[in-house]
Amino acid sequence: MSQYDAIVIGAGHNGLVAANMLADSGWSVLVLEAQDTPGGAVRTANVLGDLYHTDLFSAFYPLGAASPVLRALDLHEHGLAWSHAPAVLAHVLPDGRCVVMSRDIDATAASVDVFAAGDGDAWRDLVSRWDRLGDAVLHALFRPFPPVRAGLDLLRRLGPADAARFARFGVLSARRLGEEQFRGAGARLLLAGNALHSDLSIDEPGSAIFGWLMTMVGQRHGFPVPRGGAGILTDALVRRLRSRGGQLRCGTPVERIVVYGNRARGVCTATGERIRARHAVLADVDAPTLYLRLVGAEYLPARLLADLRRFAWDPATLKLNWALSGPVPWKATEASGAGTVHLGTDLDGMTDYSTALATGRRPEKPFILLGQMSTADATRSPAGTEVVWAYTHLPRSLRADAHVIDAQIDAVEAAIEQQAPGFRDLVVNRVVETPHGLQDADGNLVGGAISGGTSKIYQELVFRPVTGLGRAETPVRGLYLSSAAAHPGGGVHGGPGGNAARAALLHAGLRGAARSAAVRIAMRAIYSGPDRGVLPPPVAGLPDS
């Protein structure tokens, strides 16, 4: 039986981040990937034609550029280079007006000022406050929970009075934040549209802080793309890992995790090969698959199994990809230079869209996120052409309904055609990725869920993926959750992978023995003992389960 200090299941970016960090500490590491190529949801392929490089899943990486986890890996030394569109983001309203966010704060301020005089100065004020707090916020977000040092640094910068106000800000909705800070629709749309990069409604508590985070990161770091395709980021992670002695095997699905004495001892692959892990097994897989298939209910506390019945996925995703013979002919010419474009709805339309998703109806006027990839990176297609994708969401209950999917494809293309007459005439090729097609290409995208589970407040922090400590540790010793199902959640930033690597190192070393023991005691307290809670187990067949 071959042996490694750590085995990482899944070569998504989080698994590769974790593997790199463990290899940096001198561990022998093996990464096992079920697909024939690494990357998970960070991959590029020429599905539209040999000259058109298409990101199959994720594409723009504002949090990746800002993440202290990824920045610490120095991936530029291994082939990663960021590329930027002339403008970061545009929101095109149904009436044809357009607001644009640029890395040039004066340009952004001028754009929001068009909607209401004075909003430009209010935007500058908001960004200046981010400049004072932003790095502390990012370090707190991407560190293991609770982020003691980073949290104390943030509290020091805020002071007692503003710490209380920051707590209020943390439970605001994106709509309310926009109303409190701006008079016009432009800046409000930037905040609200960025909040909808999660599955939060703009009227839900917590959506303000998500919209603020994405908008401020975009203002200061842009929404960059890897030059040459998303897969270049994966290539850099793989190249770095191998330079440090780590190993990667693709086309090697893991059938189960070997558990003995309440400890993860290794894995068994689909071919029956057994591989031993001396210290840790890290799983870059979705939470239900990890616990119910790879581990098995017989090795898990009853309370965890009951909590898993409450686990909620994010909505299904429908993604369309086009190769165009020319640039998108926007009526609002300001949108031409934006890498990311929001369209299809105004502020109230965003509420209607989220309500339709929550109530199991097809959103007839979908909120659309669109990427102009050749605008952001000229290497993606021949000069004068464009690679474009767009995605929107559907209720999970409708994710396999072919009639609904066809209707939504028509709705997306009609919305684009309305704002860019002649768009359809430029289409050279089109590839549709349905919710189940996304899952077939990446098993973690269950039913087209792209965030590893909902981002709603009841499944974040200590509630992610289920009620616990908000950490990578699991009730099985030596087993760590390193996917987007773990805190801090979805997005390409390496946070879950970094947290899992730190946890594995903590529990394998002597220096952190006291902290390791404290975590284990807390885990036992949460998952053992009689059920005296307010709620009985949930009903079967929840719509988002």
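The values are calculated or read from the model by the stated rules, or taken from the named source; none is laboratory data. Here the structure is a predicted model, which is why all the values come from computation and not from measurement. Here Cβ is always computed from backbone atoms with ideal geometry, including for glycine, and neighbour counts include all displayed protein chains. Accessible surface areas use protein heavy atoms only, side chains included; no ligands, DNA or RNA. Shrake-Rupley method; radii C 1.70, N 1.55, O 1.52, S 1.80 Å.
Details
- Which listed residue is farther than 27 Å from Pro435 by Cβ and either open to solvent by less than 20 Å² (accessible area, probe 1.4 Å) or part of a helix (DSSP H, G or I) (or both), from Gly228, Gly266, Gly245, Gly272: Gly266
- When every residue of region 505-525 is checked against the conditions, none turns out to be under 30 Å from Phe57 (Cα atoms), among the small types (Gly, Ala, Ser) and surrounded by 15 or more Cβ atoms within 10 Å (Cβ to Cβ).
- Meets criteria (assigned to a helix (DSSP H, G or I) and either in contact (Cβ under 8 Å) with a residue 40 or more places away in the chain or not polar (S, T, N, Q) (or both)) for Val492: no
- Failed item, numbered, when Leu369 is tested on (1) assigned to a loop (DSSP other than H, G, I, E, B); (2) over 30 Å from Met523 (Cα atoms): (1)
- Qualifying residue in region 104-115 (condition: buried (at least 18 other Cβ atoms within 10 Å of the Cβ), in contact (Cβ under 8 Å) with a residue 40 or more places away in the chain, closer than 30 Å to Tyr458 by Cβ and touching a Ser or Thr at 6+ places or on another chain (Cβ under 8 Å)): no
- Selected residue (only one of Thr37, Thr44 is more than 20 Å from Val446 (Cβ to Cβ) and touching a residue at least 40 places away in the same chain (Cβ under 8 Å)): Thr44
- Residue satisfying condition, being surrounded by 23 or more Cβ atoms within 10 Å (Cβ to Cβ) and among the basic types (Lys, Arg), within set Arg361, Arg380: Arg380
- Within region 424-470, the set of residues being among the charged types (D, E, K, R) and within 17 Å of the chain's Cα centre (by Cα) comprises Asp442, Lys456, Glu460, Arg464.
- Within region 216-227, one or more residues are more than 23 Å from Glu460 (Cβ to Cβ) and of a type in the set (Gly, Ala, Ser).
- Qualifying residue in region 132-154 (condition: over 30 Å from Arg515 (Cβ atoms) and among the hydrophobic types (A, V, I, L, M, F, W, C)): no
- The set of residues in region 248-263 being open to solvent by less than 40 Å² (accessible area, probe 1.4 Å) and without any contact (Cβ under 8 Å) to a residue 40 or more places away in the chain consists of Val258 alone.
- Of the residues Ala501, Ala484, the single one that is under 27 Å from Leu30 (Cβ atoms), open to solvent by less than 40 Å² (accessible area, probe 1.4 Å), at pLDDT 95 or above and assigned to a loop (DSSP other than H, G, I, E, B) is Ala484.
- Residue count for region 6-16 satisfying the condition of being within 18 Å of Leu233 (Cβ to Cβ) and not in a loop (DSSP other than H, G, I, E, B): 6.
- Top-ranked residue in region 372-408 [being of a type in the set (Ser, Thr, Tyr) and in a strand (DSSP E or B); ranked as farthest from Ser58 (Cα to Cα)]: Thr392
- Looking only at region 308-325, and only at residues there that are open to solvent by 10 Å² or more (accessible area, probe 1.4 Å) and at pLDDT 95 or above, the one that is farthest from the chain's Cα centre (by Cα): Ser325
- Single match in Val462, Val428 (criterion: surrounded by fewer than 23 Cβ atoms within 10 Å (Cβ to Cβ) and at pLDDT below 95): Val462
- Whichever residue in region 337-358 is acidic (Asp, Glu) and in a helix (DSSP H, G or I) and, among such residues, is surrounded by the most Cβ atoms within 10 Å (Cβ to Cβ): Asp352
- Flag for Trp330 being of a type in the set (Phe, Trp, Tyr), farther than 26 Å from Met21 by Cβ, open to solvent by 10 Å² or more (accessible area, probe 1.4 Å) and touching an Asp or Glu at 6+ places or on another chain (Cβ under 7 Å): no
- Total residues in region 283-314, condition aliphatic (A, V, I, L, M) and over 22 Å from Val539 (Cβ atoms): 5
- Scan of region 17-60 for residues that are within 16 Å of Gly497 (Cα to Cα), in a loop (DSSP other than H, G, I, E, B) and not acidic (Asp, Glu), ordered by number: Ser25, Trp27, Pro38, Gly40, Ala41, Val42
- The C-beta contact set for region 273-296 (first residue under 14 Å from Ala19 (Cβ atoms), second residue acidic (Asp, Glu), distance under 6 angstrom, 6+ apart or interchain) comprises His279/Asp5.
- Scope region 425-451; condition over 18 Å from Leu318 (Cβ atoms) and in a helix (DSSP H, G or I); matching residues: Asp425, Leu426
- Subset of region 45-71 [farther than 14 Å from Leu16 by Cβ and of a type in the set (A, V, I, L, M, F, W, C)]: Ala45, Val47, Leu48, Leu51, Leu56, Phe57, Ala59, Phe60, Leu63, Ala65, Ala66
- Any hit, region 171-180, residues being on the phi < 0 side of the Ramachandran plot, in contact with a Phe, Trp or Tyr (Cβ under 6 Å, 6 or more places away or on another chain) and modelled with pLDDT of 95 or more: no
- Complete set of residues in region 328-343 that are more than 22 Å from the chain's Cα centre (by Cα) and in contact (Cβ under 8 Å) with a residue 60 or more places away in the chain: Val328, Pro329, Trp330, Lys331, Ala332, Glu334, Ala335, Gly337
- In region 98-115, the residue that is farthest from Gly344 (Cα to Cα) out of those that are of a type outside the set (Gly, Ala, Ser) and assigned to a loop (DSSP other than H, G, I, E, B) is Asp104.
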